[in-house]
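Working notes for the structure below.
The values are calculated or read from the model by the stated rules, or taken from the named source; none is laboratory data. Keep in mind that this is a model prediction, so the values were computed, not measured. Cβ placement follows ideal geometry from the backbone for every residue including glycine, while neighbour counts extend to all protein chains displayed. With ligands, DNA and RNA removed, areas are computed over all heavy atoms of the protein, side chains included. Shrake-Rupley method; radii C 1.70, N 1.55, O 1.52, S 1.80 Å.
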Amino acid sequence: MKTDMVIAGVGGQGILSIAAALGSAALDNNLYMKQAETHGMSQRGGDVQSFMRISDKPIYSDLIPKGGADIILSVEPMEALRYLPYLKKGGYVVANSSPFINIPNYPNEEELVKTIKALPNYVLIDADEIAKEVTGSTRAFNFVMLGAASPFIDVPFEYLEEGIRMIFGRKGEDVVKMNIDALHAGRKFSQDNK
């Protein structure tokens, strides 16, 4: 059991919450985990990424080499393309189709989608819309994204649910349920659209 993934997006999109849920899922279930984060200008809408490595065997580095990631999970389409050099042959890109346009020269959205769709293994999902349909709010779209990536993460799905419970439990059952519902909706989309 081993998964190396790059989680990418823009500051404020819940990248670190995804990483925290994954980390909690791994550690609470006696798996090994290493994580490295880059925040950059995250508070000003800059790019944020987290390298997440999970395994049932010891891991000696928190960094993923170029060409070594099993998954690029990106909550923003342009950021998915930024980290493509890290994707290994046969790896999956799971990207949100809803852009976060935070720069004046943001790439053409149609070209971004076309580039992602040209990849051999991808899931392109409108996580914002699915979160809104399932929970009534777009706030949990990051967990829609984690759910969409879950079929490609070599960790039992129940562990991901436990990770969400661990990090959001203190905020109450409504928040936990919203995020788990979002997780399930993303997984369903991915399974129906691989």
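When the residues of region 157-177 are filtered to those that are open to solvent by less than 50 Å² (accessible area, probe 1.4 Å) and more than 23 Å from M52 (Cα to Cα), the one that is farthest from the chain's Cα centre (by Cα) is G172.
Residues are listed down the side, and each one gets a yes or a no for (1) open to solvent by less than 20 Å² (accessible area, probe 1.4 Å); (2) small (G, A, S); (3) under 25 Å from K188 (Cα atoms); (4) not in a loop (DSSP other than H, G, I, E, B):
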{"site": "A8", "(1), (2), (3), (4)": "yes, yes, yes, yes"}
{"site": "G23", "(1), (2), (3), (4)": "yes, yes, yes, yes"}
{"site": "N30", "(1), (2), (3), (4)": "no, no, no, no"}
{"site": "K57", "(1), (2), (3), (4)": "no, no, no, no"}
{"site": "P85", "(1), (2), (3), (4)": "no, no, no, yes"}
{"site": "P104", "(1), (2), (3), (4)": "no, no, no, no"}
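Within region 16-25, the set of residues being out of contact with any helix residue (DSSP H, G or I) (no Cβ under 7 Å at 6 or more places or on another chain) and of a type in the set (A, V, I, L, M, F, W, C) comprises L16, A19.
Look at K89 and say whether it is open to solvent by 60 Å² or more (accessible area, probe 1.4 Å), among the basic types (K, R), assigned to a loop (DSSP other than H, G, I, E, B) and at negative phi. Break it down into steps so the answer makes sense when it comes.
Numbers: open to solvent by 60 Å² or more (accessible area, probe 1.4 Å): yes; among the basic types (K, R): yes; assigned to a loop (DSSP other than H, G, I, E, B): no; at negative phi: yes.
Taking the combined requirement at face value, the residue does not satisfy it.
Scanning region 111-140 for residues that are open to solvent by less than 60 Å² (accessible area, probe 1.4 Å), more than 22 Å from L84 (Cβ to Cβ) and in contact (Cβ under 8 Å) with a residue 40 or more places away in the chain returns I130, A131, T135, S137, A140.
Would a scan of region 179-193 turn up a residue that is over 17 Å from L22 (Cα atoms), open to solvent by 30 Å² or more (accessible area, probe 1.4 Å), touching a strand residue (DSSP E or B) at 6+ places or on another chain (Cβ under 8 Å) and of a type in the set (S, T, N, Q)? Lay out the reasoning, then the answer.
As a first pass, look at region 179-193 and keep what is over 17 Å from L22 (Cα atoms): 185, 188-193.
Checking the rest, the ones that are also open to solvent by 30 Å² or more (accessible area, probe 1.4 Å) come to 188-189, 191-193.
This time we only want the ones that are touching a strand residue (DSSP E or B) at 6+ places or on another chain (Cβ under 8 Å), so: 189, 193.
In the following step, the residues that additionally are of a type in the set (S, T, N, Q) were identified as 193.
For region 179-193, residues over 17 Å from L22 (Cα atoms), open to solvent by 30 Å² or more (accessible area, probe 1.4 Å), touching a strand residue (DSSP E or B) at 6+ places or on another chain (Cβ under 8 Å) and of a type in the set (S, T, N, Q): present.
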